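S.K.: Shown below is the structure under consideration.
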Amino acid sequence: MTDWDQLYVEGETPWNKGLPSPPMKQWVTHNKPSGNALVPGCGLGHDLLMLVKHEVDALGLDISETAVARARETHPAIADRFVLGDLFATPADWKGSFDYVFEHTCLCALPPEWRGKYEQAVHTLLKPGGLLVGVWYMEPDMEPGESGPPFGISVPELDHLFGAPRWQPVEDYIPTTAFDGRMGRERLRVLRKTA
């Protein structure tokens with residue numbers, strides 16, 4: 001099992017690019033979401049800060065104490081929006097309380113056998129009709145013999161994981177913007193909680 005806190009302590013965080021996800025930022029700028037949102041696996045808070053700047057009432061959740069502490073130090077004006085916790089053990093009053101969940105690098109960090117748990121957690125947190133806005137990592141680079149994380153997800157796997165009757169696709173496309181080395185290897189898919 002990956003020790004995420006130790007990776008932050010050691011500075012071994014290649015997923016941290018110092019900026020929000022370009023496809024996520026583009027989607028938020030174009031769609032102007034309003035309401036409250038959760039960013040699971042928020043890390044140092046770049047996506048969260050971008051959402052708050054777009055007037056989304058967002059919270060970031062991360063299992064790494066070091067990541068949360070650094071995010072609070074780096075973004076003192078929104079320090080109270082960074083929550084230390086486990087996506088699979090969220091507070092009871094969070095159930096059905098979010099208009100949005102913004103996904104970027106959380107699912108691909110989890111072992112593939114946990115994907116059903118992830119789907120259940122996100123479904124539980126969203127309000128009826130709430131949206132899961134995801135930048136899904138489809139084709140991560142792997143060294144010979146390396147198995148992840150990150151763990152890419154194929155389109156058929158994404159279809160199966162977030163299928164009817166619980167989810168309805170709202171948007172689905174390959175973004176035209178990305179971090180260096182990720183162009184054409186991510187997919188932005190928005191899913192509505194339907195059941």
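The values are calculated or read from the model by the stated rules, or taken from the named source; none is laboratory data. The model shown is predicted, which means the values in this text are computed figures rather than measured ones. Cβ: placed from backbone, ideal geometry, glycine included. Neighbour counts: every protein chain shown. With ligands, DNA and RNA removed, areas are computed over all heavy atoms of the protein, side chains included. Shrake-Rupley method; radii C 1.70, N 1.55, O 1.52, S 1.80 Å.
S.K.: Within the stretch 108-128, can you find the residues that are modelled with pLDDT of 95 or more and open to solvent by less than 30 Å² (accessible area, probe 1.4 Å)?
M.R.: 115, 118, 119, 121, 122, 123, 125, 126
S.K.: Then there's this: Would you point out the residue of the stretch 18-40, among those that are open to solvent by 60 Å² or more (accessible area, probe 1.4 Å) and part of a loop (DSSP other than H, G, I, E, B), that is nearest to residue 67 (Cα to Cα)?
M.R.: Only one residue fits best here, namely 19.
S.K.: Another question, then. Taking the residues in the stretch 141-195 that are open to solvent by less than 40 Å² (accessible area, probe 1.4 Å) and of a type in the set (A, V, I, L, M) as candidates, determine which candidate is modelled with the lowest pLDDT.
M.R.: 178
For every residue, the table says whether it meets (1) of a type in the set (S, T, N, Q); (2) open to solvent by 30 Å² or more (accessible area, probe 1.4 Å).
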{"site": "60", "(1), (2)": "no, no"}
{"site": "66", "(1), (2)": "yes, no"}
{"site": "87", "(1), (2)": "no, no"}
{"site": "95", "(1), (2)": "no, yes"}
{"site": "103", "(1), (2)": "no, no"}
{"site": "106", "(1), (2)": "no, no"}
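S.K.: Okay, next question. Can residue 116 be described as closer than 18 Å to residue 39 by Cβ and free of Cβ contacts under 8 Å to residues at least 60 places away in the same chain?
M.R.: It is false that residue 116 is closer than 18 Å to residue 39 by Cβ and free of Cβ contacts under 8 Å to residues at least 60 places away in the same chain.
S.K.: A follow-up question, please. Within the stretch 50-65, which residues are over 12 Å from the mean Cα position of the chain (by Cα) and farther than 18 Å from residue 17 by Cβ?
M.R.: Result: 52, 54, 55, 56, 57, 58, 63, 65.
Per-residue answers, yes or no, for (1) touching a strand residue (DSSP E or B) at 6+ places or on another chain (Cβ under 8 Å); (2) open to solvent by 40 Å² or more (accessible area, probe 1.4 Å); (3) touching a residue at least 40 places away in the same chain (Cβ under 8 Å); (4) in a helix (DSSP H, G or I):
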| position | (1), (2), (3), (4) |
| --- | --- |
| 9 | no, yes, yes, yes |
| 16 | no, yes, no, no |
| 42 | yes, no, yes, no |
| 48 | yes, no, no, yes |
| 71 | yes, no, no, yes |
